[in-house]
Amino acid sequence: MLDALQGAFHDGLGYLAISYCLAAIGLNVQFGYAGLLNFGQAAFLSIGGYMMGAAIATGGWPTLAAMALAIGCSVVLALILGIPTLRLRADYLAIVTIAVAEVLRLTFGTSFRKYFHGKDGVTGFTDGFRSLNPFDYEGTVLTFSANDMWILIVGWIVVALTLVLVWLLMRSPWGRLLRAIREDEVAVRSLGKNAYSYKMQALILGGVIGCFGGFIGALGQASVQADLFNLDFAFIAFTMLILGGAGRVLSPVVGAVIFWAALSFIGSILTDLSAQSGISSFMDANQASNVRLMLVGLTLMLLMIFRPQGIFGDRKEIALDAR
Amino acid sequence: MLLQSPARVRPSEPTVRTWTAACTAWAARAFAGLIAVFAVVTIAAGPSYAADDDRVVQGTLLNTAKDNEPVPGVTIKVTSSDGGSYTSKSTADGKFRIVVPAKDTGNLTVQLVKSTLPDGVDLRAGSSDTRKPTGSLTNVVVSFPIGADQRQVETKLDQVPQSIYNGLLFGIVLSLGALGLSMVFGTTGLTNFAHGELVTFGAIMTYLANRVWGLPIALSILFAVVLSAAFGWLNDSGLWRPLRRRGTGLIAMMIVSIGLQFLLRNIYQYFTGGRSLTYRQYVTPEPHTIGFIDYTYRDLILVAISLLVLVAVTLALQYTRLGRATRAVADNPALAASTGINVNRVISTVWIVGTALAGLGGAFLGFSQSVTYQLGAQVLLLIFAATCVGGLGSIWGAMLGSVIIGLFVELSTLVIPSQLKYAGAMVLLIVVLLVRPQGLLGRSQRVG
Amino acid sequence: MPAETPTATTRISADDARKALVGLATEPGVSKPDPIVVVDGVRRTFGGLTAVDVDHVEIQRGVITALIGPNGAGKTTFFNLLTGFDQPDQGDWSFNGTSLKGVGAFKVARMGMVRTFQLTKVLSKLSVLENMRLGSTGQLGERFWAGPLKFLWRGQEETNTERARDLLARFKLDKKEHDYAGSLSGGQRKLLEMARALMVSPELVMLDEPMAGVNPALKQSLLGHVKSLREEGMTVLFVEHDMDMVRDISDWVIVMAQGQVIAEGPPDSIMSDQRVVDAYLGAHHDTDISELEEVVVVGREGSSGDAADESAVPRKDGPA
């Protein structure tokens, strides 16, 4: 039990949780505020991790330049996603974002092997980042090693800065316009605003934030594989966002941390259970993992049915019934 | 990495080990390169051989255009870099043999004098008349290909008919799933992301009946279809109808369907593990060939059944009362209700039929794709692509779109690596949405 | 009596504008002395049905023009076409001399041609004041890069808020400024939508059935507001079925039926025009409808016809 709690603590604050946080924050901008159903958020994280990693590992670029390249690619991806679909209905955007994410996943996993190394993924790009690490201790402090601690600090600072940016934006006329578009795009157009452009801006912003999530995830794990940021990742990020409450600044972070920690905790419990003699006859460790993910699916369903505003959201503000 | 059980304390890679690995890799590459360079230099430097022996240049000239008939009387000329020149003619059985004395140690060039070839006999197109043999052997065998190439080289073009056949097969079976999705969308407006799992359901139930319980395959498929129909009814009455009654919005329902997809997929994986399962019968049927196409009786039967079912459903929608009621509900549920149609009963029927179709599709796909928990997820995107290309909500569109997607997926493997074949379908989807968002057969109204 | 042709930026007074209409021939497509909108040969078909087929019509500047006609006549479609919410199959129209063909809806609004909707489109999840603030154009704070930097747009926001409060007070909605717009009654929403449309001081205000669903008491108040728009120099074009309102405040009436303009003129002459009476006013109201030669066209345009608007039931939006 203590192990499980410790694990939950470690995972809840670790780099993977941070990358989920950033993915959820980006998703919040796109879906929570602008009403865009982006199920391809994983693609932005993929691009972040792969482009940065490949540029450093294969191209020898300095870390910051590689990150800039990745950000540029994210913007291009957002444009590719947005141009065909932002004029269409919500479910078309959902389908296309999933399709593009899958294309990207397949491409990263099998093509351009010189840069992306197929199924093995990209490694060997963390040197520049780690050379800046002020921590230099052996073993672990609070369950985190020196490298872990560094990515943690950097990661949570990035989360905080992103939250501040989102907060400032949403209080501004830009944010107001976005929320108006989410509710009724036609009304906004009749007031002389170019709704299409604003939706695109939201898509790009959310994508770039996701890209940062990819950075953190890749640097923390010191590798990037195509299957890391897959469709399941996108759906889990979505569940986290809904849990926290779409459309509120802090909620994606709260949702992500709680959800990921809970998932970790439950996973540990289940794995332990599966080792017990009585249970192991009908549930082994792999199946325990399946039960864990079944709970994810169930949570999403129950949330949407009974409490779509999540923890912090305002029921009146949830624009999910609009279209 | 995401789907593993979470570790407790997860130590990250020590920097030193990474660096050492990188160094070793670099060193290995460098070493290999060095060897390669050495080898090339050695070979280019020229052969070293026992200087005491005469060298013999020999070979056989056979005309493949005339069933490997020997070609006599052709002059073969050997010149040496030392200046020596030796000629000979091929004998009645096409053989030639030229001796280069031991004292001539130069590099050899062997030439077939084309003007001495008999009329109507030519070197193979693209072959040179000169050979420069390398190596240190005293017995130098040289070959000059004569006559047309009889080897059965399969060009890309030859593969097209097979790809078309495969594509049609896949597309027709896919359209079973696409039709179900389209019908549900048309009558309720729901984009059901869990539809792929209904397909998997059919495959798994067939496997269960066939391999685990030992029923014959036809009965197993029937069993799977009946069970799928029941599952469809359960979906609607247990989940979707209560949600509709509550007034849940379409987007919320779509997200619920995503959660359901997650749930079902993991339930399937719970029971089947990551294994690829196959039925007991007809998994590797005997292929027959016609022209460039390999086919099997099994596939033909599957396609025939699929077509029959598709036609039956389409006719039912067109001509039966229930079918007309379904179309009325798809057009305008409020209006349909006001004319006395029991909308809930119609929607329930649509779910039953749609899920049964999906289950049948899954059972059929299980032959060629093998039954895994991921079967549905893999085809879901293709089904979406098919319905979008054909036109969301259009019955004919679903079928046309499926065939197009099936053909596209198979034909694209001729030009792109086969792992990316689904990616090609995705790109097609995006292009269609750009150019004609209502799909091929959708009505040209606003889709946004 | 031809009026002077003012430049696009000056507004002639309401009186002068009305005087200019006196003596004009009352035939469809008649030229106006100072048109703000000129429409030429605009056609819109859906499938086989012609929704709009207008040869020529001009809207006079500075007066209140009513657009009437039976259901399915194409009035809302015409509105949609003029304001860029829909594209015609052919034809051209201009606003202040600038062609609007192919111009998107938001650009049309920015040029000073603003519309409201049959089913009000207030943003119910924003407060009343926020709705108003949304209405003003040229906000620097709406730019992405300027958003986080509050000092850049604070001044503009304050000016907008003041103007918003003025308008709200005028429309008697000031007490509700912090309430969610969704909590307003139907009539109050109409007022809010009208107030919001005025935030940009438009030149032409197009109201789509402003009296629909409004209780009689509120109607008078709305009428007064519409008249005051004219006093401020704005041009008003509105679609209505309420003949009392039409008679009361409009200076000119255009009648559409089956997509075409069948009559034009001052309200009194329209009311007595036999074509209009037959097509619309139901002079044969005590005759069995099956005996009428000209049956009023019932909206067959379906989801894109007169009675629908952009916020149709979600799942019927799109191909089915």
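For the reader, a short list of remarks on this structure follows.
- Only one entry in C:ARG44, C:ARG18 is in the same structural domain as C:GLU231 (by TED's automatic domain parsing) and in a strand (DSSP E or B), namely C:ARG44.
- Residue selection: B:GLY196 fails the criterion of being within 14 Å of chain C (Cβ to nearest Cβ), part of a helix (DSSP H, G or I), out of contact with any Ser or Thr (no Cβ under 7 Å at 6 or more places or on another chain) and not hydrophobic (A, V, I, L, M, F, W, C).
- Considered as a group, the residues in the stretch A:1-60 that are of a type in the set (Phe, Trp, Tyr) and within 14 Å of chain B (Cβ to nearest Cβ) include one that is nearest to the chain's Cα centre (by Cα), and that residue is A:TYR20.
- All of B:LEU168, B:LEU215 fail the test of being assigned to a loop (DSSP other than H, G, I, E, B), of a type in the set (A, V, I, L, M), in contact with a helix residue (DSSP H, G or I) (Cβ under 8 Å, 6 or more places away or on another chain) and surrounded by fewer than 23 Cβ atoms within 10 Å (Cβ to Cβ), apart from B:LEU215.
- For A:LEU243, the test of being within 18 Å of the chain's Cα centre (by Cα), at pLDDT 85 or above, within 29 Å of B:TYR268 (Cβ to Cβ) and more than 11 Å from chain B (Cβ to nearest Cβ) is passed.
Quick grid of which residues meet (1) within 25 Å of C:LEU81 (Cα to Cα); (2) within 13 Å of chain A (Cβ to nearest Cβ):
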| site | (1), (2) |
| --- | --- |
| C:VAL122 | yes, yes |
| C:LYS150 | no, yes |
| C:GLN156 | no, yes |
| C:THR159 | no, yes |
| C:LYS176 | no, no |
| C:SER185 | no, no |
| C:ARG196 | yes, yes |
| C:MET206 | yes, yes |
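- Criterion violated by A:ASN230 - all others in (1) over 28 Å from C:ASP86 (Cα atoms); (2) more than 9 Å from every other protein chain (Cβ to nearest Cβ) satisfied: (2)
A quick yes/no check of all residues on (1) farther than 11 Å from B:SER175 by Cα; (2) within 17 Å of the chain's Cα centre (by Cα); (3) of a type in the set (Gly, Ala, Ser):
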{"position": "B:GLY397", "(1), (2), (3)": "no, no, yes"}
{"position": "B:GLY401", "(1), (2), (3)": "no, no, yes"}
{"position": "B:GLU410", "(1), (2), (3)": "yes, yes, no"}
{"position": "B:ALA423", "(1), (2), (3)": "yes, yes, yes"}
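- Positions within the stretch C:24-62 being closer than 17 Å to C:ILE262 by Cβ, out of contact with any Ser or Thr (no Cβ under 9 Å at 6 or more places or on another chain) and at pLDDT 85 or above, in sequence order: C:GLY41, C:VAL42, C:THR50, C:VAL54, C:ASP55, C:VAL57
- The stretch C:159-277 holds strands (runs of 3 or more DSSP E) entirely within its bounds, and those carrying 1 or more residues that are surrounded by fewer than 21 Cβ atoms within 10 Å (Cβ to Cβ) map to C:260-265.
- Residue match in the stretch B:374-385 (condition: away from chain C (no Cβ under 14 Å) and not in a helix (DSSP H, G or I)): yes
- Some residue of the stretch B:331-353 being among the charged types (D, E, K, R), surrounded by fewer than 19 Cβ atoms within 10 Å (Cβ to Cβ), farther than 25 Å from B:ALA230 by Cβ and free of Cβ contacts under 8 Å to residues at least 24 places away in the same chain: yes
- Whichever residue in the stretch B:406-434 is of a type in the set (A, V, I, L, M) and away from chain A (no Cβ under 12 Å) and, among such residues, is farthest from B:ILE293 (Cα to Cα): B:VAL415
- Any hit, the stretch B:286-299, residues being without any contact (Cβ under 8 Å) to a residue 40 or more places away in the chain, farther than 30 Å from A:ILE236 by Cα and part of a helix (DSSP H, G or I): yes
- Tally of residues being in contact with a Lys or Arg (Cβ under 7 Å, 6 or more places away or on another chain) and not hydrophobic (A, V, I, L, M, F, W, C) across the stretch C:189-218: 3
- Residues of the stretch A:70-103 that are buried (at least 21 other Cβ atoms within 10 Å of the Cβ) and over 27 Å from B:ALA252 (Cα atoms): A:ALA70, A:SER74.
- Residue within the stretch A:189-199 that is surrounded by fewer than 21 Cβ atoms within 10 Å (Cβ to Cβ) and assigned to a loop (DSSP other than H, G, I, E, B) present: yes
- Residue check for B:LEU357: closer than 24 Å to B:LEU322 by Cβ, modelled with pLDDT under 90 and either out of contact with any Asp or Glu (no Cβ under 8 Å at 6 or more places or on another chain) or not in a helix (DSSP H, G or I) (or both): no
- Complete set of residues in the stretch A:81-93 that are at the interface with chain B (Cβ under 7 Å from one of its Cβ atoms) and modelled with pLDDT of 85 or more: none
- Within the option set A:PHE238, A:PHE259, A:PHE212, A:PHE233, being within 30 Å of A:ARG189 (Cα to Cα) and assigned to a helix (DSSP H, G or I) holds for one residue only, A:PHE238.
- Filtered residues of the stretch C:128-139 (kept if within 8 Å of another protein chain (Cβ to nearest Cβ) and either assigned to a helix (DSSP H, G or I) or of a type in the set (Gly, Ala, Ser) (or both)): C:GLU130, C:ARG133, C:LEU134, C:GLY135
- Scanning the stretch B:409-440 for residues that are over 19 Å from B:GLY361 (Cα atoms), surrounded by 24 or more Cβ atoms within 10 Å (Cβ to Cβ) and of a type outside the set (A, V, I, L, M) gives a single hit, B:GLY439.
- Here the stretch B:289-330 is the region considered, the condition is being within 26 Å of B:LEU400 (Cβ to Cβ) and among the basic types (Lys, Arg), and the residue that is surrounded by the fewest Cβ atoms within 10 Å (Cβ to Cβ) is B:ARG324.
- For the stretch C:21-41, the set of residues classified as part of a strand (DSSP E or B) and more than 21 Å from C:VAL276 (Cβ to Cβ) consists of C:PRO35, C:ILE36, C:VAL37, C:VAL38, C:ASP40, C:GLY41, listed by residue number.
- In the stretch C:94-118, the residues that are more than 13 Å from chain A (Cβ to nearest Cβ) and either surrounded by 20 or more Cβ atoms within 10 Å (Cβ to Cβ) or in contact with a helix residue (DSSP H, G or I) (Cβ under 6 Å, 6 or more places away or on another chain) (or both): C:PHE95, C:LEU100
- Which listed residue is more than 9 Å from chain B (Cβ to nearest Cβ), closer than 24 Å to A:PRO62 by Cβ and at pLDDT 85 or above, from A:LEU77, A:LEU132: A:LEU77
- Qualifying residue in the stretch B:256-270 (condition: within 14 Å of another protein chain (Cβ to nearest Cβ), aromatic (Phe, Trp, Tyr), free of Cβ contacts under 8 Å to residues at least 40 places away in the same chain and in contact with a helix residue (DSSP H, G or I) (Cβ under 8 Å, 6 or more places away or on another chain)): yes
The values are calculated or read from the model by the stated rules, or taken from the named source; none is laboratory data. Computed from a predicted structure; not experimentally measured. All Cβ positions, glycine included, derive from the backbone under ideal geometry; neighbour counts span all protein chains shown.
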